[in-house]
Amino acid sequence: MATNNFHLTNIRFIKRVVVGNDNPQSMKTETEVQEAMDLVNLCLASTPRGYVLNVEKSFGLYNIGEHQVVLQYAVYNIGFDRKPVFLDDHGKT
């Protein structure tokens, strides 16, 4: 039985993925948010397998004209032993 234990010292590549709206000047569509979440899932399920190192959760309260808008987002920092090829295929580095 092979044991593939996670060791922080083996991390050589970190991918930062923002899920949600982090900029009130450039609002993301629901499709773009779903694509970001799909990328997180791909990173955690594909080979080489990524590991969530940190999740930054944030929100902002903005006044746009007469309206008050709350933007929420999460940033996933996913670590890999080596850079996955599928990140090169999507042009997302």
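The values are calculated or read from the model by the stated rules, or taken from the named source; none is laboratory data. Bear in mind the structure is a predicted one, so any value in this text is a computation, not a measurement. Backbone-built Cβ (ideal geometry, glycine too); neighbour counts: all protein chains shown. Please note that ligands, DNA and RNA were not included when accessible areas were found on the heavy atoms of the full protein model with its side chains. Shrake-Rupley method; radii C 1.70, N 1.55, O 1.52, S 1.80 Å.
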Cβ-derived FRET efficiency at R0 25 Å, D38 paired with S58, nearest 0.05: 0.75
May I ask you to list the residues of segment 62-78 whose amide nitrogen lies under 15 Å from a point 7 Å from Cα along the Cα→beta-carbon direction of I14? 75-78
Relative contact order of the chain, please, whole-number percent, based on alpha carbon pairs below 8 angstrom and at least 6 residues apart. 39 percent
Hull surface divided by four, with the convex hull built on the Cα atoms of the chain: how many nm²? 7.2 nm²
Over the chain, with the other protein chains present, what is the accessible area per residue in square angstrom, probe 1.4 angstrom? 72 Å²
Protection-proxy order for peptides 15-25, 71-81, 48-58, each taking the mean of Cβ atoms within 10 Å per residue, highest first: 71-81, 15-25, 48-58
Starting from the Cα of L71, move 7 Å in the Cα-to-Cβ direction to define the label point; list residues of segment 16-47 whose amide nitrogen is under 19 Å from there. 16-37
Compute the helix-to-body angle for 30-45: its Cα long axis versus the longest principal axis of the chain, expressed 0 to 90° and rounded to tens. 20 degrees
Cα-based shape type of segment 50-92, given that a ≥ b ≥ c are square roots of the gyration tensor eigenvalues and the cut on a/c is 1.5: oblate
